[in-house]
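**Q** Questions regarding the structure given below will be posed in turn.
Taken together, the values in this text are just the output of simple stated rules run on the coordinates, not laboratory data. Predicted model only: the values in this text are computed from it and were never measured. All Cβ positions, even for glycine, are placed from backbone atoms using ideal geometry, and neighbour counts span all protein chains on display.
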Amino acid sequence: MSLDEWEELYRLALRIKKSPAEFRDVCRGRIMATLFYEPSTRTQMSFQAAMMRLGGKVIGFSDPNASSVSKGETLRDTVRIVTGYSDILVIRNPIEGAAYASALYSHVPVINAGDGGHLHPTQTLTDLMTIRELKGSCEGLTVGCCGDLFNGRTVHSLLRAMSRFSGNKFVLISTPELKLPSYVTDELKAAGCEFCEVQTLEECISELDILYMTRIQRERFKTLEDYNRQAGVYRLTADKMALAKPDMAVLHPLPKVDEISYDVDDDPRTQYFEQAENGMFIRMALISQLCGAERTGRPPVYGAPEAGYCKNPRCISNHEKYLPKRVKVVGGEERCQYCDSPIT
């Protein structure tokens, strides 16, 4: 998405937020299919509410065990069937690159609602809309990201997006075990962005314009023991908020667990509940744009698979064995098109 496209989408979302009744028939007669292979509350309900407020209807599943996936149906077959019933597809999957793979076999627009620990683009649209409303711009800000930066797909997407705007600085707050993956830091370097890595909130919170808190994601750890070693390391309290700027904004993709104390919810600088509401409006804007796109009928992509070319065990290419090899070059280095991991 270009910055011009983002600006157009943002202005449309503001119009919808200001006058939602004007858009209640935009998607009348359209159907959105939601394929949620892992649990979701805000994202799924936000998409459903967005489509219904635009006058459309929703089909899909929120539990793969209640679908033909439990019988062994491939992602490719599920997508080809469901896109025959719908005008737009929204997918969340715990395997990295699943949304990109789905787009290879869909003849309707595909929206990535989160693919494992990789990316979460529509959460980033939500974040950008909130930042723009609060700060008047997405440029010239010092943004701190705290928590599980290794598995935090929302952080990966946000940093990618914010690096496109000029003058932003980033403070990456995590334990060494949960620091940002190299494919994201490499992109920050390639964009010429200033960033630093620290291990405590106290040493940097006074500098921040935006603090993006994230939870330690239990579901991304191999064992409970690994999770317990990281859980509870970061907790935003009233004492720490006292060190921050009067106009610092605290964002969170939610759900939050124990990383923000309850008394901080009442601080006017916390904006995560407003942020969640913005998610519906920006998704309404995105859906209305995509449902107006021409149905291309693009033929499915087939090709000879190459087993093991991507070494990331969480990559979709290592789970759906029929997928063709897809490689891109970033900074002179070959990376998997599905999950962004280096090809070694």
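**Q** Show me, bin by bin at 10 Å from 0, the whole-percent P(r) of the chain based on Cα pairs.
**A** All Cα pairs considered, the percentages come to 5, 24, 34, 26, 10, 1.
**Q** I would also like to ask the following. So what is log10(I(q)/I(0)) for the range 132-225 at q = 0.16, 0.23, 0.25 1/Å, when the Debye sum runs over its Cα atoms only?
**A** For the range 132-225, the Cα-only Debye profile gives -0.63, -1.23, -1.41.
**Q** For K135 and A242, compute 0.36 nm times the residue count separating them, minus their Cα-Cα distance, and round to one decimal in nm.
**A** Value of the extension gain: 36.5 nm.
**Q** Then there's this: Highest mean first, how do 194-200, 65-71 rank when packing is the count of other Cβ atoms within 10 Å averaged over residues?
**A** Top of the packing list down: 194-200, 65-71.
**Q** Near E202, within a Cβ-to-Cβ distance under 14 Å, what is the net charge of the other residues, with Lys and Arg +1 and Asp and Glu -1?
**A** -1
**Q** Of the options A49, L104, C196, report the single residue whose Cα projects farthest towards the positive end of the charge dipole of the chain (beta-carbon charges: Lys, Arg +1; Asp, Glu -1).
**A** Looking along the dipole axis, the top candidate is L104.
**Q** Could you size up the charge dipole of the range 64-171 around its Cα centre, putting +1 on the beta carbon of Lys and Arg and -1 on that of Asp and Glu, and report it in debye to the nearest 20?
**A** Charge dipole, the range 64-171, about its Cα centre: 140 debye, nearest 20.
**Q** Placing unit charges on C-beta atoms (Lys and Arg positive, Asp and Glu negative, everything else neutral), compute the dipole magnitude of the chain about its Cα centre in debye, rounded to 20.
**A** 1220 debye
**Q** Shape verdict for the range 78-133, please, from the Cα gyration tensor: rounded (a/c under 1.5), prolate (a/b greater than b/c) or oblate.
**A** Oblate, since a/c reaches 1.5 and b/c is not below a/b.
**Q** How long is the gain from D258 to Y322 if the chain were fully straight, where each residue apart is worth 0.36 nm and the alpha carbon distance is subtracted?
**A** Working it through step by step, the gained length comes to 18.9 nm.
**Q** Once you sort the root eigenvalues of the Cα gyration tensor of the range 108-153 as a ≥ b ≥ c, which label holds: rounded (a/c under 1.5), prolate (a/b larger than b/c) or oblate (the other case)?
**A** Taking the square roots of the gyration eigenvalues as a ≥ b ≥ c, the range 108-153 is oblate.
**Q** Once you sort the root eigenvalues of the Cα gyration tensor of the range 29-105 as a ≥ b ≥ c, which label holds: rounded (a/c under 1.5), prolate (a/b larger than b/c) or oblate (the other case)?
**A** It comes out prolate by the Cα gyration axes.
**Q** Right, another one. Output the peptides 128-135, 202-209, 107-114 sorted from most to least packed, where packing is the average of other Cβ atoms within 10 Å over each peptide's residues.
**A** Those peptides, ordered most packed to least, come out 107-114, 128-135, 202-209.
**Q** Translational diffusion coefficient, Stokes-Einstein: compute it for the range 1-132 using the Kirkwood radius over C-alpha pairs as Rh, at 4 °C and 1.567 mPa s, and state it as an integer in µm² s⁻¹.
**A** Approximately 83 µm²/s, per Stokes-Einstein.
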